[in-house]
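The values are calculated or read from the model by the stated rules, or taken from the named source; none is laboratory data. Computed from a prediction, not measured in an experiment: that's the story for all the values here. For neighbour counting, all protein chains shown are included, and Cβ atoms are generated from backbone atoms with ideal geometry for every residue, glycine included.
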Amino acid sequence: MRPPLRGDAAIDTRGRVSGTAIAPGYTARMRFPLLLMLAYLLGSLSGSLILGRLRGIDIRALGSGNAGGTNALRTQGWRFALGVVLIDVGKGVLAALLALHLADRSLAMPPFAQALAAGYAATLGHVFPRYFGFRGGKGGATLAGVVGALLPLALTPLFALWLLVLGATGYVGLSTVTAGLALPLAAWLAPPGEHLAFAIFGTAAGLLVLWAHRGNLRRLRAGTESRFDRARILGRRRQRIRS
């Protein structure tokens, strides 16, 4: 049975189709996969690698070899790192909000869940960037952008947890892993009916962050992980109290 046609299509007496024919619903069915692809490609625009090319460097050849904000700060200074963070956070915000606005409302999957999926796709793009040989950053900044766009109430406690761990230990990677693993707990702040969707997103995102920081955790266990001593405010204060 021939699907109904729309657009400028016409059927002649022999049953041949001329003009432009589009089966109803085809474009709508493709919208969500296309949003995911767009979010992934947007996530592949790595801030440190783009700004590094403008400066004539590859950040992955310097410092820890990671294309993230922490390595950018250590090797290029705070101005460069600030630009990196703004790009990486911004693409998470943009991917999530675009998906929320352009969501396919004919699906059983609500727009909020579609936006979460797009945000996760953008984070995957950051970790495995299409344009840079699939070697990118670790996803923390992009995830922060996604959460800030879709569930801003959760951003404050997660950022507070990140700061607490950083102030106590001085380890940025450990702080990011801790905040990432706590992400599913923020599901109770999600809109009514969206708790499960955010819990699934938070679990998947936390596991991705954990995997991306596996090298940091190995170095931490071996005692060779780099530490930001200037950020370890709570740890230094505790040492002074003991002495």
Being of a type in the set (A, V, I, L, M, F, W, C) and within 27 Å of GLU225 (Cα to Cα) is the filter here; which residues of segment 36-64 pass it?
LEU49, ILE50, LEU51, ILE57, ILE59, ALA61, LEU62
Of everything in segment 46-69, what is assigned to a helix (DSSP H, G or I), out of contact with any Gly (no Cβ under 6 Å at 6 or more places or on another chain), more than 20 Å from LEU124 (Cβ to Cβ) and not charged (D, E, K, R)? Give them in sequence order.
GLY52, LEU54, ALA61
So, first residue modelled with pLDDT under 80 in segment 222-239, second residue β-branched (Val, Ile, Thr), Cβ within less than 7 Å, six or more apart or across chains; the pairs are PHE228/VAL172; ARG232/THR169; GLY235/THR169
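So that you can scan it fast, the table gives a plain yes or no per residue for (1) surrounded by fewer than 23 Cβ atoms within 10 Å (Cβ to Cβ); (2) within 24 Å of PRO110 (Cα to Cα); (3) of a type in the set (Ser, Thr, Tyr):
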| position | (1), (2), (3) |
| --- | --- |
| LEU163 | yes, no, no |
| LEU174 | yes, no, no |
| VAL177 | no, no, no |
| PRO184 | yes, yes, no |
| ALA205 | no, yes, no |
Quick one: how many residues across segment 106-163 are charged (D, E, K, R) and in contact with a His (Cβ under 9 Å, 6 or more places away or on another chain)?
1
Reported set for segment 134-154 where residues are crowded, with 17+ Cβ neighbours inside 10 Å and outside any loop (DSSP other than H, G, I, E, B) is GLY140, ALA141, THR142, LEU143, ALA144, GLY145, VAL146, VAL147, GLY148, ALA149, LEU150, ALA154
Which count do you get for residues in segment 38-58 that are touching a helix residue (DSSP H, G or I) at 6+ places or on another chain (Cβ under 9 Å) and over 16 Å from THR142 (Cβ atoms)?
4
Out of the residues in segment 191-237 that are aliphatic (A, V, I, L, M) and farther than 19 Å from THR142 by Cβ, which is nearest to the chain's Cα centre (by Cα)?
ALA199
Can you spot a residue in segment 24-43 that is at pLDDT below 90, farther than 28 Å from LEU97 by Cα and not in a helix (DSSP H, G or I)?
no
Selected residue [at pLDDT 50 or above and closer than 30 Å to MET109 by Cα] from SER64, SER46:
SER46
Across segment 112-133, what is the number of residues that are surrounded by fewer than 21 Cβ atoms within 10 Å (Cβ to Cβ) and either touching a strand residue (DSSP E or B) at 6+ places or on another chain (Cβ under 6 Å) or outside any helix (DSSP H, G or I) (or both)?
2
